[in-house]
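What follows is calculated from the coordinates using simple rules that are stated; it is not laboratory data. Predicted model only: the values in this text are computed from it and were never measured. All Cβ positions, glycine included, derive from the backbone under ideal geometry; neighbour counts span all protein chains shown.
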């Protein structure tokens, strides 16, 4: 029989295997059940429920981990220098992450409270706010709107775009240019020319 | 005993009373239960379930009716003339409707599938598309992005704004100006100056 330390290591491995299996299952089917996920993880349902008391709790853990990974990836971007170019980089990198997590986003939108999804975006939202504020100081971005709202609108447009692609109403190839164009336009100060999309 | 015609009229009155009560209850509490709604409507739960087989079905009927009313109100707007001024009118009128239905929107976001909410916006979305297309023909709006996506983004930003107000992160008084400013900027062709917010 394994000792306490061995059992703890087993438990950690199980939890990680369950989260990995959940990402895989939910990416194939946003309505994947706890039973599907337990089977894909190679654990029993009792073991799964020992780690996550409900499907919502599991979904929350999956989405929270995905957001931590997203935040770490965004954290490695160099957002110094010209604010407008930094914004293009941030839009494109954020979109790449949202785009490849589209199915997970659908699962989260179906299974988690709306406010919780917003809460898990807190750090990425703050990053956008900091960049908008720096752009404002340099006269590159508009100052006549609340910065927290501009940053929420950034993700609102990204998520709408993901939903439109999932529903087959937008070609994935059109998304990066369209997003960059519309968001740069949204941040440009009144009176200045709207930047071209690419 | 009432005849068939009398019973049908009773049933219609009951259904209307249930929908009215549902709007009232859900506006106070987006998680209002079927029992709360039946009580407010002055009918038994059995009668309610005779009309709407589940809470989701009732919520769907409430939201569908609200969208029909919204669409009728938007239909009465005069959107001819200068496309940019017509867009301002459409943004402000659409926002007034979304703003006063904020609690109902939260209930719908919690209780209805995401795609269904989009489906129920079909007619308002088409109205925006038609106006964008007319503005494009007159050189007022940008032509380098899919029109269906621009129209989806319009509602994406409106709904994000409603959620931000509900969460206490945006002052309701700031919303109309901010929305008009950001959406006009989003539709303006590259190279043309961003319009002022008001």
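Taking beta carbons within 10 Å but only from partner chains, what does the mean come to for residues A:143-156?
5
With the Cα gyration tensor of the protein assembly as shown giving a ≥ b ≥ c as the square roots of its eigenvalues, does the rule (a/c under 1.5 for rounded; else a/b larger than b/c for prolate; else oblate) give rounded, prolate or oblate?
Because a/c hits 1.5 or more and a/b fails to exceed b/c, the protein assembly as shown counts as oblate.
Could you work out the relative contact order of chain B? I mean the mean sequence separation of Cα pairs under 8 Å and 6+ apart, divided by the number of residues, in percent.
After rounding, I find 19 percent.
Assuming a ≥ b ≥ c are the square roots of the Cα gyration tensor eigenvalues, decide whether region B:146-198 counts as rounded (a/c under 1.5), prolate (otherwise, with a/b larger than b/c) or oblate.
Judged from the Cα gyration tensor, region B:146-198 comes out oblate (a/c at least 1.5, b/c at or above a/b).
Using just the helices of chain B, give the 222 nm mean residue ellipticity in deg cm²/dmol: DSSP H runs with n ≥ 4 each add -39,500 (n - 2.57), and the total is spread over all residues, rounded to 500.
After summing the helix terms and dividing by the residues of chain B, the value is -24000 deg cm²/dmol.
Averaged across the residues of B:99-111, what count of C-beta atoms belonging to other chains lies within 10 Å of each residue's C-beta?
Mean inter-chain Cβ contacts per residue within 10 Å come to 1.
Any chance you could check the Cα centroid distance between region B:85-135 and region A:7-37 for me, in angstrom?
Distance between centres, Cα-based: 37 Å.
Under the rule a/c < 1.5 gives rounded, and otherwise a/b versus b/c splits prolate from oblate, where does region A:1-78 land using the Cα gyration tensor?
Oblate, because a/c is 1.5 or more while a/b does not exceed b/c.
Output the peptides B:73-86, A:148-161, A:80-93 sorted from most to least packed, where packing is the average of other Cβ atoms within 10 Å over each peptide's residues.
A:148-161, A:80-93, B:73-86
So how much slack lies between residue B:77 and residue B:8, counting 0.36 nm per residue of separation and subtracting their Cα-Cα distance, in nm?
Fully extending the segment from residue B:77 to residue B:8 adds 21.3 nm.
Averaged over peptide A:52-62, how many Cβ atoms belonging to another chain are found within 10 Å of each residue's Cβ?
Per residue, the average neighbour count from other chains is 0.
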